[in-house]
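Working notes for the structure below.
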Amino acid sequence: MSTSTMPYNQRTTLPPPPVPMRDANTACLPTSHTTKIIHQHQHPQQQQHHHSSSNTNQLSASDSRTHSLSTTNVAPTPCQRLSEMFRRSIAGSSIQSDSRENTYEEIYPGPDPKQAIMGSLVFCIHHKQGCTWSDELRKLKGHLNVCKHDATQCPNKCGAQIPRIMMTDHLQYTCTMRRTKCEFCQSEFSGAGLEEHAGTCGQEPIYCEAKCGQRVLRGRMTLHKSKDCTKRLRRCLHCNREFSADTLALHVNQCPRAPTVCPQRCEIGPIARADLESHLRDECKALAIACSFKEAGCRFKGPRHMLEAHLEANAASHLSLMVALSARQGQQIQMLKSAVSKLSINFTGTLLWKITDWSAKMAEAKGKDGLELVSPPFYTSQYGYKLQASMFLNGNGPGENTHVSVYIKVLPGEYDALLKWPFSHSITFTLFEQGSQSGQGGVAESFVPDPTWENFQRPSNEPDQLGFGFPRFISHELLYKRPFIKDDTVFLRVKVDPSKIVAV
Ligand SMILES: [Zn+2]
Ligand SMILES: [Zn+2]
Ligand SMILES: [Zn+2]
Ligand SMILES: [Zn+2]
Ligand SMILES: [Zn+2]
Ligand SMILES: [Zn+2]
Ligand SMILES: [Zn+2]
């Protein structure tokens, strides 16, 4: 701020007087008079303003200087004299003494509009960016020279206009003309040069592109990928397939083409793992093979080439082993048969006896005296009496040659010891007519055993137990007249009823 003028404060109705030029050589204002008035009035507004100004000290010094000028009677300068003459000429002919009081307008001529504008209070143009400065317009330029929000040229001459507050940052990080170092290779670059260098620096550690997880210097990547990378592809020497380096060892352990030695140490030498099984099965000369009569009991075991000799030398003993085996198997078959027949035995108390090949059996019965057909045994209940029906196709006793005779026999059963004797259930024989429309017609005969009858006492184990029944059950005549025989088959039902009610 120059010392030549005093600020004009718009806030006062009566503006303070402008401070006169101090330089007597260039200014022609009536210095001494003005000085005197300043001295006399000591305007409070002016005082206040002086204090708020940064130039207070300077002004006070000037003030005291002017004051000393007025109090010591120094001769007026030529300019002062001129000014005085001018003032007196407009005041008229009457000479007014120096002591006359000047009017306010005389001392403060009307305010200069430019001065008034320059004195207006303004905010910094960067107020919105956060600058809180506010002062007279005339001071704005000066403030902008230091305002931290005002943009200035980058001192590196990169061409950027950067607010002062951002300059340090710019110079350090973003200025394209800054001098900087690559953090990896330590080479020096301008900012722009570094940006170009970034992404190509050979010293920068980067992750392997093959995703092996390793970080390798960019400059060594090619070498890494061909030599060290665990994900580089390598060929299996045995099967020629490609594997990543880290899985190759695992593969070779299982590679079907990898050579392996025969576990029998035969003379074949290394063979592919995949061929080992067929080698052992079909050709290995060292593998001990069991004699083919092993199941019959031969215990010989030896290499393939010795087996043939063994078979030739032992034909007779192999044969006897086979005979013994066959006998053992025959026993097993018998055991199985009886087990099966036990499982299939009838426990219902009703036997439906199907007799096939009737005509052949009849012919045989007619040619052979006393030929008896027996039914499969059956039980009256699960733990009941064991019974068996029998039939003489050509008749027996009184029915011989004319009738079919049917009988029932009590066989020795497994639970006889617990059963009630004599056997006293009623027995009904029914010979069915076949294909009859309304129910099954036929011939039926029943009886209830008499307790005195020999046949129904507890049976002994003697095989030739006698039966009881009907020697003239049905005549041959009736048999062929009605449809009892169909498809050369006859059905006879034998029903055992513990209720003793005779059902016909
Ligand atoms: Zn500012
Ligand atoms: Zn810059
Ligand atoms: Zn670098
Ligand atoms: Zn890698
Ligand atoms: Zn392989
Ligand atoms: Zn072998
Ligand atoms: Zn053998």
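Counting only strands (runs of 3 or more DSSP E) wholly contained in the stretch 183-258, the ones carrying 1 or more residues that are of a type in the set (Phe, Trp, Tyr) and away from ligand 1 (no atom under 16 Å from the Cβ) occupy 188-190, 205-207, 242-244.
Here is a yes/no grid of residues against (1) in contact with a helix residue (DSSP H, G or I) (Cβ under 6 Å, 6 or more places away or on another chain); (2) assigned to a strand (DSSP E or B):
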site: Phe423; (1), (2): yes, no
site: Ala444; (1), (2): no, yes
site: Ser460; (1), (2): no, no
site: Arg472; (1), (2): yes, yes
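Among the residues making up the stretch 215-250, a single one is in contact with a Leu (Cβ under 6 Å, 6 or more places away or on another chain) and either under 30 Å from Cys185 (Cβ atoms) or of a type in the set (Asp, Glu) (or both): Glu242. Listed by first and then second residue, the pairs linking a residue in the stretch 313-337 that is in contact (Cβ under 8 Å) with a residue 12 or more places away in the chain to a residue that is of a type in the set (Ser, Thr, Tyr), with Cβ atoms under 9 Å apart and 6 or more places separating them unless they lie on different chains, are His318/Ser292. For the stretch 267-283, a residue qualifies if it is of a type outside the set (Gly, Ala, Ser) and either surrounded by 11 or more Cβ atoms within 10 Å (Cβ to Cβ) or part of a loop (DSSP other than H, G, I, E, B) (or both), and the qualifying residues are Glu267, Ile268, Pro270, Ile271, Arg273, Asp275, Leu276, His279, Leu280, Glu283. No other residue among Ala245, Ala296 is surrounded by 12 or more Cβ atoms within 10 Å (Cβ to Cβ) and within 30 Å of Val323 (Cβ to Cβ) apart from Ala296.
Rundown of residues vs (1) of a type in the set (Gly, Ala, Ser); (2) in a strand (DSSP E or B); (3) more than 20 Å from Phe491 (Cβ to Cβ), yes/no style:
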| position | (1), (2), (3) |
| --- | --- |
| Glu308 | no, no, yes |
| Ala316 | yes, no, yes |
| Ser320 | yes, no, yes |
| Gln334 | no, no, yes |
| Lys361 | no, no, no |
| Asp369 | no, no, yes |
| Gln388 | no, yes, no |
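Among the residues of the stretch 249-257, is any surrounded by 13 or more Cβ atoms within 10 Å (Cβ to Cβ), touching a residue at least 12 places away in the same chain (Cβ under 8 Å) and within 26 Å of Glu308 (Cα to Cα)? Looking for residues that are surrounded by 13 or more Cβ atoms within 10 Å (Cβ to Cβ), touching a residue at least 12 places away in the same chain (Cβ under 8 Å) and within 26 Å of Glu308 (Cα to Cα), one finds none in the stretch 249-257, hence no.
Taken over the stretch 191-215, the residue count meeting the criterion of being farther than 30 Å from Thr174 by Cβ and not charged (D, E, K, R) is 5. Within the stretch 204-216, at least one residue is touching a residue at least 12 places away in the same chain (Cβ under 8 Å) and within 30 Å of Lys157 (Cβ to Cβ).
In the set Gly442, Gly399, only one residue is more than 17 Å from Phe378 (Cα to Cα), at pLDDT 90 or above and crowded, with 17+ Cβ neighbours inside 10 Å; that residue is Gly399.
For Cys298, the conditions (1) in a helix (DSSP H, G or I); (2) near ligand 7 (Cβ under 9 Å from one of its atoms) all hold with the exception of (1).
Applying the condition of being exposed (fewer than 15 other Cβ atoms within 10 Å of the Cβ) and farther than 14 Å from Ser190 by Cα to the stretch 165-178 and asking which residue is nearest to ligand 7 (Cβ to nearest atom) yields Asp169. Of the set (1) surrounded by 15 or more Cβ atoms within 10 Å (Cβ to Cβ); (2) modelled with pLDDT under 90; (3) away from ligand 3 (no atom under 11 Å from the Cβ), all apply to Glu195 but (1).
The values are calculated or read from the model by the stated rules, or taken from the named source; none is laboratory data. Being a predicted model, the structure only gives us computed values, none of them experimental. Here Cβ is always computed from backbone atoms with ideal geometry, including for glycine, and neighbour counts include all displayed protein chains.
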